[in-house]
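Undergrad: Please read through the structure below; I'll follow up with questions.
The values are calculated or read from the model by the stated rules, or taken from the named source; none is laboratory data. A quick note: this is a predicted structure, and the numbers were derived from the prediction, not measured. Positions of Cβ are backbone-derived with ideal geometry, glycine not excepted, and every protein chain shown enters the neighbour counts. When the accessible area is computed, the model is the full protein with side chains, heavy atoms only, and any ligands, DNA or RNA have been set aside. Shrake-Rupley method; radii C 1.70, N 1.55, O 1.52, S 1.80 Å.
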Amino acid sequence: MVIMETENGRDYMNIVVQNLGFNYPNGKSIFNNLNFTINKSKVLSILGPNGVGKTTLLGCIARLYLPSQGDVFFDGKSYLSMTQCEIAQNIGYVPQIIVPAFNYSVIDYIVTGCAPSMKVFQKPKKEEYDRAWCAVKKLKLEHIAHKSIMQISGGERQQAAIARVITQKPSFILLDEPASHLDMGNQMKLLEILNDLAQEDYGIVMTTHNPDHVFILDDQVAVLRDEGNLISGKSRDILNEEFLYGLYGSKIKVLNIKELGRMACIAQGIL
Ligand SMILES: Nc1ncnc2c1ncn2[C@@H]1O[C@H](COP(=O)(O)OP(=O)(O)OP(=O)(O)O)[C@@H](O)[C@H]1O
């Protein structure tokens, strides 16, 4: 059954993951029977130890992989009944490692985000470039906009890929470890942008290895565990010290920092 959630009497779009299971062709089972809903105007963070299947799960939600079991529904429609173009118009994906196909300038790479809403072989015009420049300004990337995408750093490339997905204007944006190459300042800028995008009605899903980022966003979390199952809910209801120790096998303090007005977590360090 697909649940259409209602807020103020109005149905709104969601992605429903239903009984989802995935095995790689070598037979390796990654997860089974996952059930959760991704809502617009929210940030859902996916946490879990290395190798547990976060990227694979995001790949199933982006429809890069077909599930071995269950299905994913967008706005009540099974992915299997949607074309790749329909999916790309509604769901944007930023991979962990960005390997551009051509030696574009950064702005020409970002404008390719408009492709799902353009005709085949149509060249981007002023309207599409205006969209791309809007995203460049949002991420403050003006200083690299005319550089070659091949000649910028990993962190700059990660930010260019985020600008590209914003240019795409999908309803949902999926990001695989979007902060992995970013310095502390750019990590905070990224979280602010993701929070702003959720306020602007986008649905955001990101994988992360940093539970403190989940507390900063103070929204939904889904935790994928070694047994291939998932627990989801409000971050502050799930991420306590005992739970994080069970997840990572490491002692992590969870503190309510009054000056910050938020929960925070800090590794205890080498004992
Ligand atoms: N093409 C593949 N064929 C078989 N097994 C694979 C393939 N790609 C990944 N795996 C395995 O699937 C499991 C899940 O990988 P995945 O990349 O989804 O994990 P992850 O949670 O995102 O990891 P990390 O946090 O280290 O990025 C891993 O054990 C990995 O070795």
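Undergrad: Mind telling me which of the residues E177, E142, E127 ends up being among the acidic types (D, E) and either open to solvent by less than 80 Å² (accessible area, probe 1.4 Å) or not assigned by TED's automatic domain parsing to the domain that holds H213 (or both)? Spell out the reasoning first.
TA: Working: E142 fails: either open to solvent by less than 80 Å² (accessible area, probe 1.4 Å) or not assigned by TED's automatic domain parsing to the domain that holds H213 (or both); E127 fails: either open to solvent by less than 80 Å² (accessible area, probe 1.4 Å) or not assigned by TED's automatic domain parsing to the domain that holds H213 (or both).
Testing whether each residue is among the acidic types (D, E) and either open to solvent by less than 80 Å² (accessible area, probe 1.4 Å) or not assigned by TED's automatic domain parsing to the domain that holds H213 (or both) leaves just E177.
Undergrad: Mind checking which residues of segment 168-209 are within 16 Å of the ligand (Cβ to nearest atom) and over 20 Å from K137 (Cβ atoms)?
TA: Passing the criteria: L174, D176, E177, A179, S180, H181, V205, M206, T207, T208, H209.
Undergrad: Listed residues Q122, Q96, Q159; which is more than 16 Å from the ligand (Cβ to nearest atom) and either buried (at least 19 other Cβ atoms within 10 Å of the Cβ) or within 19 Å of Y65 (Cα to Cα) (or both)?
TA: Q159
Undergrad: Which pairs do you get when a residue that is in a helix (DSSP H, G or I), found in segment 74-95, comes within reach of a residue that is of a type in the set (S, T, N, Q) and open to solvent by less than 40 Å² (accessible area, probe 1.4 Å), reach meaning Cβ atoms under 8 angstrom, with the pair 6+ apart or on two chains?
TA: A88/Q168; N90/S171
Undergrad: Please go through segment 20-45 and pick out each residue that is within 10 Å of the ligand (Cβ to nearest atom), surrounded by 13 or more Cβ atoms within 10 Å (Cβ to Cβ) and farther than 11 Å from L224 by Cβ.
TA: At the first step, the residues of segment 20-45 found to be within 10 Å of the ligand (Cβ to nearest atom) are 22-31.
Still in the running and surrounded by 13 or more Cβ atoms within 10 Å (Cβ to Cβ): 22-23, 29-31.
F22, N23, S29 - these are the residues of segment 20-45 that are within 10 Å of the ligand (Cβ to nearest atom), surrounded by 13 or more Cβ atoms within 10 Å (Cβ to Cβ) and farther than 11 Å from L224 by Cβ.
Undergrad: Look at Y109 and say whether it is among the aromatic types (F, W, Y), closer than 18 Å to A163 by Cβ, assigned by TED's automatic domain parsing to the domain that holds R225 and touching a Gly at 6+ places or on another chain (Cβ under 9 Å).
TA: Spelling it out, it is not the case that Y109 is among the aromatic types (F, W, Y), closer than 18 Å to A163 by Cβ, assigned by TED's automatic domain parsing to the domain that holds R225 and touching a Gly at 6+ places or on another chain (Cβ under 9 Å).
Undergrad: Do you know which residues across segment 196-226 are open to solvent by 40 Å² or more (accessible area, probe 1.4 Å) and touching an Asp or Glu at 6+ places or on another chain (Cβ under 8 Å)? It would help to see each step written out before you state the result.
TA: If we filter segment 196-226 for residues that are open to solvent by 40 Å² or more (accessible area, probe 1.4 Å), which is where we start, we get 196, 199-201, 209-210, 216, 218, 220, 225-226.
Across segment 196-226, the qualifying residue is only H209.
Undergrad: Something else: Looking only at residues in segment 216-229 that are within 14 Å of F36 (Cβ to Cβ) and within 17 Å of the chain's Cα centre (by Cα), which one is farthest from the ligand (Cβ to nearest atom)?
TA: D219
Undergrad: Something else: Residues that are assigned by TED's automatic domain parsing to the domain that holds P178 and hydrophobic (A, V, I, L, M, F, W, C): list the strands (runs of 3 or more DSSP E) wholly contained in segment 194-271 that include at least 3 such residues. Working first, answer last.
TA: Values: elements: 203-207, 220-224, 230-234, 252-257, 262-267.
Fully inside segment 194-271 and qualifying: 203-207, 220-224.
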